[in-house]
1. Out of the residues in the stretch 383-393 that are assigned to a helix (DSSP H, G or I) and surrounded by 13 or more Cβ atoms within 10 Å (Cβ to Cβ), which is farthest from the chain's Cα centre (by Cα)?
2. Could we say that V47 is within 21 Å of Q216 (Cβ to Cβ) and not hydroxyl-bearing (S, T, Y) here?
3. Can you list residue pairs whose Cβ atoms sit under 8 Å apart, with the first residue in the stretch 78-107 being in contact (Cβ under 8 Å) with a residue 24 or more places away in the chain and the second being acidic (D, E)? Count only pairs 6 or more apart in sequence or on different chains.
4. Provide a single number: the residues in the stretch 125-158 that are in contact with a helix residue (DSSP H, G or I) (Cβ under 8 Å, 6 or more places away or on another chain) and on the phi > 0 side of the Ramachandran plot.
5. So V190 fits all but one of (1) assigned by TED's automatic domain parsing to the domain that holds R254; (2) of a type outside the set (G, A, S); (3) buried (at least 22 other Cβ atoms within 10 Å of the Cβ); what number is the exception?
6. Of the numbered conditions (1) part of a helix (DSSP H, G or I); (2) surrounded by 12 or more Cβ atoms within 10 Å (Cβ to Cβ); (3) of a type in the set (D, E, K, R), R504 fails exactly one; give the number of that condition.
7. Hey, any hits in the stretch 478-493 for a residue that's part of a strand (DSSP E or B), at pLDDT 90 or above, within 23 Å of G240 (Cα to Cα) and in contact with a helix residue (DSSP H, G or I) (Cβ under 9 Å, 6 or more places away or on another chain)?
Amino acid sequence: MLEPTASQIQIRDHTARDLLVIAPAGCGKTEALALRVQGLLQRHDIVAPQKVLVVTFSNRARDNIRERLRSYLGTGQLRNYVSVVNFHGLSARIFKAHANVIGLSPDLAIPESDWVSTECRRRNFDFPVSNRVKDALRIAKQEMRNDAEVQEVLSTNREMAALQLERDRIDSEQLTYDDLPRVAELILSVEPVAELYRSHFGAVIVDEFQDLTPQQLRIVNRIGYARTTYGGDLAQGIYGFAGANPTAIQAVIRAECSEIVEFAESHRSSPAVLGAVNSLIPLTGGTKLTSADPASWPHGGLFAIAAFSTAEVEAERVANLANRIAGQVSGHRIAIMARTVPRRRFVEGALSEIGVEFLRWDDGVLDTDTARVVRAMLSKFDVDGYNAAADRVEYLRVASGLETIADAATRESVVDALGWCYEQLREGAAPEDIRSRIRVGDESTLVTMPGIHVLTGHIGKGQQFDWAIIIGAEDGAIPDFRAKTPELQAEEARVLSVMISRARHGAIVTYAREVEAQTGKRRPREGSPFFAQLSTANPLRGPTIREWMDSADWTAIAAR
């Protein structure tokens, strides 16, 4: 266990129950929040029968902070005094216990997968229609509305496909991921229920406050207003498309909290990488970072910018560079990231062309039982029968033998895997190719496997790599051409900052002056306007990148 930093000790020893912790990537936020819980319990601020409620967004973050808490508290104290949940888990718990107070049955089905996406597939909606339906339902349900009010909003807005889907959901007695926080907020609006939760939880910890939607913040406030510790960083707020509003949320939280602790030392990244992240602060609103131990980074790390004539040339050079780094430091993880999935296709093709293995993060990484089920289905897959099926989602469920699987966790995993198979088949992939892309493992496989990883910026948030190569940084891609408002432009800058900040040793940002669109038409491109800010970090360019690679002490780099 590492010695706590001065800021972490300050957080642990803070006596008031409200606190805002501004903690950029790599500054020890998870450790600090675990110490915060330890301090609350050691001072007996929280005593039985009360508990501390710790809320995260993802299962991975939930499991990560639970492990840190176990190291500080021990299994018994963790079990008796702390509840660690993600927002969906918290909402489901509230619903199951108190559904009757809003006139609903607790027997309504809790979602085992993304029900809305599954139903969009079942109805053969194309991507624009699916996205419109999902957005309409999400927006309607992120306000405190009952079922009738949601339908009224959808009808008023003429979202007829979404309205029909909502009526079908009600008829099938099913809740969706969007419904869970909606019904939780409705339940907590009943004062005796809210008071019950306030009495049960003496303090609340929220990880990654910048990802909160206004609805989720209202839920937190009903349980723990002025008794909540918020940890996060505005510069990592990249989920506006899901309803998050980082700038507004931070303003509300600042008004709630009596003290703010800001971390400024990074334990993750080299000075060169931090310089690149810092250069974007005027756009992201982040906190300036310094390296906790700059002398420990060989050559100070690497930050570089490169431009190429075409996306194909960019892909070839990046594939060879990533392969070279993997050969120099076999235990390192090299991320090749793009803003969108389609922009990755060039580098994926280049890696395959030179015979380099890589892990594509949106491929199926399945547990052993799920992999066996899906591989067996694909090995004898009837493509003609699938294409002729009126309901292709149901065809996959039958072909996989889903209804014969008794274990609930395996069923949930298989449902998710079938959704992935559906999308691959929809894009024209052959069953044998899909089967070959399945890897056996779990989420930790992605986190720990050395080698080359290919992913998008949003998927990589919260992860750590030794090297990050950000490709496709053209204007119109980063920032996205649809980002017209100042807030959307700021979020696009935060996406780029998040991608760069994943790196420990080095980050390289590249773009192409000509890119072939998915339609086949070749288009000229300019570099991202964000390069103006990145250039203030004195990046290496052209031949100096090769010189750095040739002269680097790779033994020292591998040891760091």
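1. Going through the stretch 383-393, the residues assigned to a helix (DSSP H, G or I) turn out to be 383-388, 392-393.
Going one step further and asking which of them are surrounded by 13 or more Cβ atoms within 10 Å (Cβ to Cβ), we end up with 386, 392-393.
On the way: Y386: 32, R392: 29, V393: 26 Å.
By that ranking, first place goes to Y386.
2. Here the answer is no, as V47 does not meet what is asked.
3. S105/E173; D107/E173
4. 0
5. For V190, the exception is condition (3).
6. Against the list (1) part of a helix (DSSP H, G or I); (2) surrounded by 12 or more Cβ atoms within 10 Å (Cβ to Cβ); (3) of a type in the set (D, E, K, R), R504 comes up short only on (1).
7. yes
Residue-wise test of (1) modelled with pLDDT of 95 or more; (2) of a type in the set (A, V, I, L, M, F, W, C); (3) within 15 Å of Q174 (Cα to Cα).
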site: I102; (1), (2), (3): yes, yes, no
site: S105; (1), (2), (3): yes, no, yes
site: I110; (1), (2), (3): no, yes, yes
site: V116; (1), (2), (3): yes, yes, yes
site: D126; (1), (2), (3): no, no, no
site: K134; (1), (2), (3): yes, no, no
site: A140; (1), (2), (3): yes, yes, no
site: R145; (1), (2), (3): yes, no, no
site: S155; (1), (2), (3): yes, no, no
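The values are calculated or read from the model by the stated rules, or taken from the named source; none is laboratory data. The model shown is predicted, which means the values in this text are computed figures rather than measured ones. Glycine gets a Cβ as well: all are built from the backbone with ideal geometry, and neighbour counts include every protein chain shown.
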